[in-house]
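These notes are about the structure you will find just below.
The values are calculated or read from the model by the stated rules, or taken from the named source; none is laboratory data. Bear in mind the structure is a predicted one, so any value in this text is a computation, not a measurement. Ideal geometry is used to build each Cβ from the backbone, glycine not excepted, and the neighbour counts take in all protein chains shown.
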Amino acid sequence: MDTKRLIYWVATALMALIFLFSSYNYFFNYEMIAGFFDNLGFPRWIIYPLATAKILGLIAIFSNFSSVLKEWAYAGFFFDAVLAYSAHHMAEDGQGLFSIIAIVAVVVSRIFDERRPRI
C-alpha cells in the first residue's frame, strides 16, 4: 500500500472514530453530555443537531458524492474540534486531549486526501 494512502486512511479512521464516539455519546448518554455542555457554557439544545451533523459529515467524506460537501464536512469537523478544545481550555478541565487529536486527524486527513493516489 502506498504511504500516502496509508496515512490518509489512518488519519481518516481516527477522525471517524472520534466523531462517531462523540455522536454515540450525544445520542445515548444525553444526561452526561448535557452536564458537560452546561459546565462548558453551551446550550443543551445543540447536542442532537451536533451529533446529526457529525454523522452527516462522515457520510459526506466517505461517500465522495460531492467535493463541495466534503470540503464543508472537513471545515465543520475542524471548527468543531477547535471550538471544543477552546471550551475545554477556558474551563480548565483538562479534557482537551481528544480535541487536539481530532484537530490533527482532520488536518492530516484533509491534506492527504488530495495527495493520495486514486484508484
Among the numbered criteria (1) modelled with pLDDT under 95; (2) within 16 Å of L14 (Cβ to Cβ); (3) touching a helix residue (DSSP H, G or I) at 6+ places or on another chain (Cβ under 7 Å), which single criterion is violated by L97? (3)
Number of positions in region 23-46 that are surrounded by 14 or more Cβ atoms within 10 Å (Cβ to Cβ) and closer than 15 Å to H88 by Cα: 6
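What are the residues in region 41-69 that are in contact (Cβ under 8 Å) with a residue 40 or more places away in the chain and part of a helix (DSSP H, G or I), if any? Quick ask: steps written out before the conclusion?
From region 41-69, those in contact (Cβ under 8 Å) with a residue 40 or more places away in the chain are 41-42, 58, 61-62; that's our starting set.
Those that are in contact (Cβ under 8 Å) with a residue 40 or more places away in the chain and part of a helix (DSSP H, G or I): L58, I61, F62.
May I ask you to verify whether A53 is over 13 Å from the mean Cα position of the chain (by Cα), on the phi < 0 side of the Ramachandran plot and not basic (K, R)? I'd like the intermediate steps shown before the answer.
Working: over 13 Å from the mean Cα position of the chain (by Cα): no; on the phi < 0 side of the Ramachandran plot: yes; not basic (K, R): yes.
The answer is no for A53.
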Condition check for A13: surrounded by 14 or more Cβ atoms within 10 Å (Cβ to Cβ) and either in a helix (DSSP H, G or I) or in contact (Cβ under 8 Å) with a residue 40 or more places away in the chain (or both): no
Which members of region 62-112 meet the condition of being crowded, with 16+ Cβ neighbours inside 10 Å and over 21 Å from A51 (Cβ atoms)? V107, V108, R110, F112
